[in-house]
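Report on the structure given below.
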Amino acid sequence: MKGANMEHRASGGLMRAFEVANVIRENAATQTLLLKGRLEEARPGQFVMVWLPDVGEKPYSIAAAVPLALTISSVGLVSSALVQLQPGERVWIRGPLGNGFQLTGEKHLLVGGGYGAAPLAFLAKDALRQNGQVTVCLGAKSASDLLLERRLEEMGCQLRVATEDGSKGFQGLVTAVVEQAIVDNKPDCVYACGPTGMLLALAELCKRYQLPAQLSFEGLMRCGVGLCGSCELPEEVCLQVGLPTGWLACHDGPVAHLS
Amino acid sequence: MVEELLKTTFLGIALKNPLVVASGVLGTSASLMERAAREGAGAVTSKSAGPTARSGHANPVTLAWGNSVINAIGLTNPGCQEESPILIETKKRLNALGVPLFASIFAGTVEEFGEVAKVIAQAEPDLIEVNISCPNVASDFGEPFSANPASAAAVTRSVRAAVSVPISVKLAPNVPNLAQIAKAVVAEGADAITAINTVPAMLIDAYSGKPVLKNKTGGLSGLAIKPIALRAVWELAQVISVPIIGTGGVTTGLDAAEMIMAGASLVGVGSAVVNDGPAVFARIARELSEFMQLEGYQSLEEMRGKAWRAS
């Protein structure tokens, strides 16, 4: 019998086996694994630790909860093994972990930098279900690195794209596109996931426009449950965005809620 | 909360409460140790530092398992030369909060223990905790020094000769002669004993048929080892003259009271951070104070060793 998740037994925090049901190719380096089974309690912006025995364990944001889906870009040892998985093979998941995004108001501005777009479809779906208006700004190095663009558009999000090489959309950093979207749409809240540099720029931008921001920070996750200290956000980053120092991405985040 | 009830003195050091952040938890940076102190810890122990930098084991390194935790992090640390300035900064911040700093050290040889202690002593911690009992580095270091009285004593002698700061030696529970080891360590000048380290253990995932930790085996901590820790502290407190930092599975104020009744002077808290985060220290302190009030204890001293003292 395959799939411990089908038994819905309490794992007590340990990993549970999930079978891969289907694999969707997102771009050259990225696949979405659709898994058999659900993580009903998961919220957008939360993460899971994904384990492949004999390979390793890494954190990934949750791309969808019912059924559970993970959008994985091949960048390292674990992720390159994960993107090669075929239907019928298994992955092991512990979580959901962390706090997640919280939809605020009705007009939502979502920002994804590079692989940071992975959790945005999940958030957009929730926002649209609540009849919210969703604008998504995506940034990437090049057109071929853009993630989830078509999916988000088909869902009913208004898309704005920036690429560093100008191969699609605005040529430059996504923050420029975000500022224009803020001016045009006057959103109630900005939600973002991506590299720290982008998040810091967005924190500044949101402060200037007096907008609440929910920024999902990456951390080096080891324990994932607030013990080991590996994912502590550097003190200078905390001070820059106004977070209390000693902020742990796994326990206090990964989403920093800034008002 | 009656804060007065929880005040205590340990080796001449004043603490606002007996709860110590156990080594290996939240002890990696000045900002994180400062946070633990702000959130209610009575003292903070840094993560063990050794002779040179170690990246530790690969993931998975730590897993919550019910109210317990299994870990094999593998003594990740920047090396004592890098650790020393971190501890200097930490000490400065903790001083401002009236919270003492305990610095944990480890090494691969008896001589290195003394050398690491000397480097770490530059940061003037209030205590050096000598970790001779990590169960997760056998492949690098062989049998832990805590395994027998002679090797435990040799390490203590080396550290004692190197530094004048108070030292506590952290012991492992999985030995047949714990009291003998503790006595040997005290005879060589240990000012305190920390008991216990994690208990060697493993978990296997049935669906893959594989050990869940990358290191395969690890150390068990949390509620599952509370009875093991209580027994160790209860035994040691009756036969040694130095105070004990009782560590293992303390998750609530009642657990802390029981550890003190076993004979502990201070109480280590580690795995309990999983559910509450650093806020766990304030919760346990409040619960301990409430218990003392309800049961009419005027001081921690009144509870200490109650489980074996003739009343």
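The values are calculated or read from the model by the stated rules, or taken from the named source; none is laboratory data. The structure presented is a predicted model; accordingly, all values stated were derived computationally and were not measured. For neighbour counting, all protein chains shown are included, and Cβ atoms are generated from backbone atoms with ideal geometry for every residue, glycine included. Remember, those area values only see protein heavy atoms, side chains included, never the ligands or the DNA or RNA. Shrake-Rupley method; radii C 1.70, N 1.55, O 1.52, S 1.80 Å.
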Given charges of +1 on the Cβ of Lys and Arg and -1 on the Cβ of Asp and Glu, with all other atoms neutral, how large is the dipole of segment A:49-146 about its Cα centre, in debye to the nearest 20? 140
Dipole magnitude of chain B, debye to nearest 20 (Cβ charges: Lys/Arg +1, Asp/Glu -1, about Cα centre): 240
Cα-Cα separations in segment A:145-236 greater than 20 Å, expressed as whole percent: 47
Hull volume in cubic angstrom per residue (convex hull over the Cα atoms of segment A:104-162): 65
Note on segment B:154-263: C-alpha Rg/Rh, Kirkwood Rh, two decimals, gives 1.06
Which residue fluctuates most in the GNM of chain B (Cα springs below 10 Å): B:Ser168, B:Ser104, B:Ser151? B:Ser151
Projecting each Cα onto the charge dipole of chain B (Lys/Arg +1, Asp/Glu -1 at the beta carbon, about the Cα centre), which of B:Leu230, B:Gly270, B:Val61 comes out farthest on the positive side? B:Val61
Could you please put A:His251, A:His257 in sequence from largest to smallest accessible area, using a 1.4 Å probe? A:His257, A:His251
In whole Å, largest first, what are the principal axis extents of the Cα atoms in segment B:1-123? 43, 40, 25
Report the semi-axes of the equivalent ellipsoid for segment A:1-116 in whole Å, largest first, where each axis is √(5λ) for an eigenvalue λ of the Cα gyration tensor. 22, 19, 13
Debye calc, one equal point scatterer per Cα of chain A, no solvent, log10 I(q)/I(0) at q = 0.09 1/Å comes to -0.37
Just to be sure I understand the curve: with the Debye formula and one point per C-alpha of segment A:19-85, what is log10 I(q)/I(0) at q = 0.11, 0.16, 0.21 Å⁻¹? -0.22, -0.48, -0.85
Read phi for every residue in segment A:132-147 and hand back ³J(HN,Hα) as whole Hz from Karplus 6.51 cos²θ - 1.76 cosθ + 1.60, θ = phi - 60°, with x for Gly and Pro. x, 9, 10, 10, 10, 9, 10, x, 7, 5, 8, 3, 6, 8, 5, 10
Once the dipole of segment A:106-173 is set up with Lys and Arg at +1 and Asp and Glu at -1 on Cβ about the Cα centre, which of A:Ala127, A:Gly166, A:Gly114 lies farthest towards its positive end? A:Ala127
As I understand it, the dipole of chain B uses +1 on the Cβ of Lys and Arg and -1 on the Cβ of Asp and Glu, about the Cα centre. Which of B:Thr247, B:Val119, B:Ser168 lies farthest toward its positive end? B:Thr247
Determine the order of B:Phe102, B:Phe141 by accessible area, beginning with the largest, at a probe radius of 1.4 Å. B:Phe141, B:Phe102
Spelling it out for A:Gly229: with amide H atoms placed in the peptide plane at 1.01 Å from N, the residues 5 or more places away or on another chain with amide H under 5 Å from its amide H are B:Leu26
If the viscosity is 1.002 mPa s and the temperature 20 °C, what Stokes-Einstein diffusion coefficient in µm²/s follows for segment B:112-217 when Rh is the Kirkwood radius over Cα pairs? 145
Using Cα pairs closer than 8 Å and at least 6 residues apart in sequence, work out the relative contact order for chain B, in percent. 19
Most mobile of B:Val20, B:Val130, B:Val119 in a GNM of chain B (Cα contacts under 10 Å): B:Val119
For segment A:53-147, take the alpha-carbon Rg, divide it by the Kirkwood Rh, and send me Rg/Rh. 1.00
Near A:Lys107, which lysines are there with a Cα under 18 Å away, not counting those fewer than 8 places off in the same chain? A:Lys125, A:Lys186, A:Lys207
Leaving out ligands, DNA and RNA, calculate the buried accessible area for the pair B and A with a 1.4 Å probe, summed over both sides, in Å² to the nearest 100. 2700
HN-Hα couplings for segment B:33-40 via Karplus (6.51, -1.76, 1.60; θ = phi - 60°), in whole Hz with x for Gly/Pro, come out as 5, 4, 4, 4, 5, 4, 8, x
Could you check how many percent of all C-alpha pairs in the protein assembly as shown are farther apart than 42 Å? 27
Based on the inverse mean of 1/r over its pairs of different Cα atoms, what is the Kirkwood hydrodynamic radius of segment B:197-310, in Å? 15.2
Relative contact order (%) - criterion: Cα under 8 Å, at least six apart; region: segment B:100-143: 48
Once the Cα atoms of chain B are picked out, what are the Rg and Dmax in Å? 17.9, 54
Cut-off under 12 Å on the C-alpha distance; same-chain residues fewer than 8 positions from B:Lys7 excluded. Which aspartates and glutamates are left, in chain and number order? B:Glu301
Could you rank the peptides B:202-214, A:44-56 by their average count of other C-beta atoms within 10 Å per residue, with the highest value first? A:44-56, B:202-214
Let me spell out the model: positive unit charges on the Cβ of Lys and Arg, negative unit charges on the Cβ of Asp and Glu, origin at the Cα centre of segment A:101-197. What dipole size does that give, in debye rounded to 20? 140
Each residue of segment B:142-152 in turn: what ³J(HN,Hα) in whole Hz from Karplus with 6.51, -1.76, 1.60 and θ = phi - 60°, glycine and Pro shown as x? x, 4, x, 5, 6, 6, 8, x, 5, 6, 4
Which of A:Phe101, A:Phe170, A:Phe122 moves most in a GNM of chain A, Cα contacts under 10 Å? A:Phe170
